[in-house]
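Student: Just dropping this structure here.
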Amino acid sequence: MADQEDLQAELERLRKENEALKARTTRGVSLRVSAKGGVSVYGLGRFPVTLYKEQWEKLLAMADDIRAFVREHEGELKAKEPR
């Protein structure tokens, strides 16, 4: 009987672990430090976007300009279909 209980407990643990992994992957975007010391953003496309700290700071400082540009060119821009 203990073996059956152990199997049920292990099955439940694996189900919870599986759900946690699914939740993490559906979030989609993650950050890592690259081998060369850059910041890599995974989950935007097939390949990561990697820039050095100074480049990210410049880009982030332009966030309002980028949003305005996207609004102004909405008709010209295409949206990638979600998978």
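Student: Output the residues belonging to segment 49-66 that are part of a helix (DSSP H, G or I) and either within 18 Å of the chain's Cα centre (by Cα) or under 18 Å from residue 37 (Cβ atoms) (or both).
Tutor: Here is the first cut: in segment 49-66, the ones part of a helix (DSSP H, G or I) are 53-61, 63-66.
Listed by number, the residues that qualify are 53, 54, 55, 56, 57, 58, 59, 60.
Student: Something else about it: Considering segment 26-46 alone, what residues qualify as being within 22 Å of residue 81 (Cβ to Cβ) and at pLDDT 95 or above?
Tutor: Step one: filter segment 26-46 for residues within 22 Å of residue 81 (Cβ to Cβ), giving 26-30, 41-46.
Residue satisfying the conditions is 41 alone.
Student: Here is a further query. Take the conditions among the aromatic types (Phe, Trp, Tyr), under 10 Å from the mean Cα position of the chain (by Cα) and surrounded by 10 or more Cβ atoms within 10 Å (Cβ to Cβ) and apply them to residue 42. Does it pass?
Tutor: On the way: among the aromatic types (Phe, Trp, Tyr): yes; under 10 Å from the mean Cα position of the chain (by Cα): yes; surrounded by 10 or more Cβ atoms within 10 Å (Cβ to Cβ): yes.
Yes, satisfied.
Student: Inspect segment 11-27 for any residue being part of a strand (DSSP E or B) and either more than 16 Å from the chain's Cα centre (by Cα) or surrounded by 10 or more Cβ atoms within 10 Å (Cβ to Cβ) (or both) and give the result as yes or no.
Tutor: Taking segment 11-27 first, the residues part of a strand (DSSP E or B) are none.
No.
Student: In segment 47-56, what count of residues is obtained for those that are more than 17 Å from residue 80 (Cα to Cα) and surrounded by 12 or more Cβ atoms within 10 Å (Cβ to Cβ)?
Tutor: So the first thing to find is which residues in segment 47-56 are more than 17 Å from residue 80 (Cα to Cα), and the list is 50-56.
With the extra rule that they be surrounded by 12 or more Cβ atoms within 10 Å (Cβ to Cβ), the set shrinks to 50-52, 55-56.
Matching residues across segment 47-56 total 5.
The values are calculated or read from the model by the stated rules, or taken from the named source; none is laboratory data. As the structure is a computational prediction, the values presented were derived from the model and not from experiment. Virtual Cβ from ideal backbone geometry, glycine too; neighbours counted across all protein chains shown.
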